[in-house]
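Participant: The following block contains the structure, expressed as structure tokens.
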Amino acid sequence: MGDSVRHRGQGARYRRLRGNRRGLVAVVGTLLSLLVFLSLFGTFLVFYLPLWMSDNESNFTSGVTASLAQLQSNMQLQAGTGSPPILSTPFTMSSDAVPLLSVPTTGTLAFLPRTPGASVTLSIPGFLSAGKPYVQNFGGSLGTMLLTLPNRYYTPENFQLEDGAVIQTEGDTNQLIAYPPIFSLVKTGTALSLNLMLVQMYGNATRLTSPGTIEVYSQLLGSTQTLKNNNTATVASLFLNVTTHYPCAWTNFFTQSRQVANVTSGQMSVASLDTSGCVGTSGQAKTISVVISNIAQVTLVLANFQVSAGIGVV
């Protein structure tokens, strides 16, 4: 009788210990599973999320660049042919996101019909008739369009559409003309010919930040004006001054254009009127002076556009 009671007591303690061990194993297993999950999730956040979003922002930047190139191409088509009178260009203003983990990166589009510090002046002595200079001045009314992409995982980018050129910047001195304007210099013997287009944009000042797609409309104002010099003699010189916040981009563009045409620095000089070399502007506009001598032929296209941006805005 006593042995039976003792046996039953030992069996109950064994079952309690065995149950406790099973409970302890379950708790330890849950904690280990949680640690593994947190480790994998942390690895995803640290390594894969930045790569994923960097790829999203890279595609976003490429899309905006392509849209700007299309807008520039539309304007050149309209200026060259006179039609169609209105063209629209879609701009996707936000990147893709990572569901539940990261929000999309949203860009900002700003259009200024009058940009302080942005101007173009052109002077060609003897262009229309002997001894009579031709002068064109796009002063403080030169319109510009700026797109800001504040990328967090990819390199932040700024794009500017200015006088028919698409300028890409990543800082004060890291500037380049991603898509050049029409500026074609051809050398025949010792004489030079130039094909040049100057673009002026008008419209209402606009600033848009949209998570979706917006349309930018370019409306050709009347017919473009194409001029060719009718003076049979060689034009003495052509003077082109570009005042801009992106002097490095314009200086490099004009210098490369001269080199591609195999023109010497004596026939085409490129210099800054405010500073030497490519240095930071510190927010101040600089003037780039281009002088081309021994000009035999100049074809000049003046294009004026009404620019509007938004959804269903014309």
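The values are calculated or read from the model by the stated rules, or taken from the named source; none is laboratory data. Being a predicted model, the structure only gives us computed values, none of them experimental. Here Cβ is always computed from backbone atoms with ideal geometry, including for glycine, and neighbour counts include all displayed protein chains. All accessible areas refer to the heavy atoms of the entire protein, side chains included, with ligands and DNA or RNA removed. Shrake-Rupley method; radii C 1.70, N 1.55, O 1.52, S 1.80 Å.
Participant: What Rg and what Dmax come out for segment 160-251 when only alpha-carbon atoms are used, in angstroms?
Facilitator: 17.4, 57
Participant: Quick one: if the Förster radius is 45 Å, what FRET efficiency do Thr226 and Thr148 give, using the C-beta to C-beta distance and rounding to 0.05?
Facilitator: 0.85
Participant: Now for a different question. For the pair Asn252/Leu100, report the inter-label distance in nm, with labels modelled 7 Å from Cα in the Cβ direction.
Facilitator: 4.4 nm
Participant: Restricting things to alpha carbons, find the Rg to Rh ratio for segment 64-160 using the Kirkwood radius for Rh.
Facilitator: Radius of gyration relative to Kirkwood radius: 1.15.
Participant: Now, a different point. Ranked from the most accessible area to the least, with a 1.4 Å probe and all protein chains present, what is the order of Trp250, Trp52?
Facilitator: The ranking, largest first, comes out as Trp52, Trp250.
Participant: If you average the sequence gap of Cα pairs under 8 Å that are 6 or more apart and divide by the length of segment 46-138, what percent do you get for the contact order?
Facilitator: 21 percent
Participant: Here's another thing I want to ask about it. What is the sum of charges, Lys and Arg at +1 and Asp and Glu at -1, for the other residues whose Cβ falls under 12 Å from the Cβ of Ala118?
Facilitator: Details: positive: Arg114, Lys286; negative: Glu162, Asp163.
After counting each charged neighbour, the total is 0.
Participant: Something else about it: Any lysines with Cα under 22 Å of the Lys187 Cα? List them, leaving off those in the same chain fewer than 8 positions away.
Facilitator: Partners within reach: Lys228.
Participant: Under the 0.36 nm per residue contour assumption, what length would be gained going from the current alpha-carbon distance of Thr264 and Thr213 to full extension?
Facilitator: So the chain would gain 13.8 nm between Thr264 and Thr213.
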